[in-house]
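One structure is given below, encoded as structure tokens.
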Amino acid sequence: MIFILMTLGNLDEHSRNIIMGHRKSATFSNYMSVFNDTQSIFMQTPTRDSLLNLACHRNLTRDASAPQKLNTKQKEAIETEAELHNLKKALKSTRDELISEFHKLKKAEGASDPRFSEIKQLQKKIRTRRKMLERRAQKTAREEFFDSIGNRIIEQNQQGTPLTFTPDVSHIQPERIALAELEFKNRDVDTIDDAELIEDRIRSLELRLKLNSLHIPQALKKRIVFKDRQKGASRQAVVPIESSSGLECPVCLGGTRLDPTARRYKYSRKDVLQVHFRTHRLPFFFQKPGRKCDWPHCLQVLPTLSQYKWHLADIHKINL
């Protein structure tokens, strides 16, 4: 007990030297001073620092069931906002004027037409306005959630139906879920047959090889929904010659190392699709005899990028 009191600093240096029989305080500092929380280690309890850190952060609000992003209806409501709608209307009108006059926006840019600069400014205003509305809607949704969640928990506990939370795993590949269930089984290996362990290991390696061949772009990992994917059927699905939405990436559709759901992913807007298409970095001139169209079962060969885009717009109804 005396040792603990001395290590905690309850005795002054002179009294400590008298009790321990030391001639100078350096002896105690070199051999007896302990800076680790030995009591917590012996009692197998959290350390004093960790408890203090937990107490300092106790006011942080973290709830896995709280809304983390806007749903489809909330996003559609943002697009109908009056000011954003007027900006999109002005952009479409100015763009249509330039296309009717110059046939291409690139020619309007080369002619230094002031309306082209106006289009760029309108696009910037639309992006800024949309982001501001999304942040505001997300903040409102979280505030409404935390204002009512306490009452909901109390009411449902009184009714005998406690509140439950089911995590959204729709963006996780089925193969990855199967791999996790296989490798994190709660079982005692001493009571399991060796043949079963070997079979599980072989199945684990097969799933890892399959995941390695099903690449998913980093930007799509949290957007793609795998919940409704049918085993084997998605690989054999026939892609029509014309796109119904015009929002698929043709290069991804023809990819062989992409997950089937990632290949047919539909982007939210045409400008987002165009940004993604530029990440493929296709050259303006293709090597002879040209680049084969990436659309499944399309045999057309195009010599330049401009003809490649024209072919996609004319045949497959995708404007890039």
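Structural remarks
- Qualifying residue in the stretch 300-318 (condition: touching a helix residue (DSSP H, G or I) at 6+ places or on another chain (Cβ under 7 Å) and among the acidic types (Asp, Glu)): no
- Restricting the search to helices (runs of 4 or more DSSP H) fully inside the stretch 71-120 and requiring at least 1 residues that are over 30 Å from Lys139 (Cβ atoms) and of a type in the set (Asp, Glu) gives 82-102, 105-110.
Conditions (1) modelled with pLDDT of 90 or more; (2) within 30 Å of Ile149 (Cβ to Cβ), marked per residue:
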residue: Phe35; (1), (2): no, no
residue: Ser40; (1), (2): no, no
residue: Ala55; (1), (2): no, yes
residue: Asp63; (1), (2): no, yes
residue: Thr72; (1), (2): no, yes
residue: Glu83; (1), (2): yes, no
residue: Gly110; (1), (2): no, no
residue: Lys124; (1), (2): yes, no
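- For Thr261, the criteria (1) part of a helix (DSSP H, G or I); (2) in contact (Cβ under 8 Å) with a residue 60 or more places away in the chain hold in every case but one, which is (2).
- Answer from His276, His311 - the residue that is in contact (Cβ under 8 Å) with a residue 40 or more places away in the chain, of a type outside the set (A, V, I, L, M) and not assigned by TED's automatic domain parsing to the domain that holds Arg127: His276
- Members of the stretch 276-290 that are farther than 18 Å from Asn319 by Cα and surrounded by 14 or more Cβ atoms within 10 Å (Cβ to Cβ): Phe286, Gly290
The values are calculated or read from the model by the stated rules, or taken from the named source; none is laboratory data. Predicted model only: the values in this text are computed from it and were never measured. Heads up, the Cβs are rebuilt from the backbone with ideal geometry, glycines too, and the neighbour counts pull from every protein chain shown.
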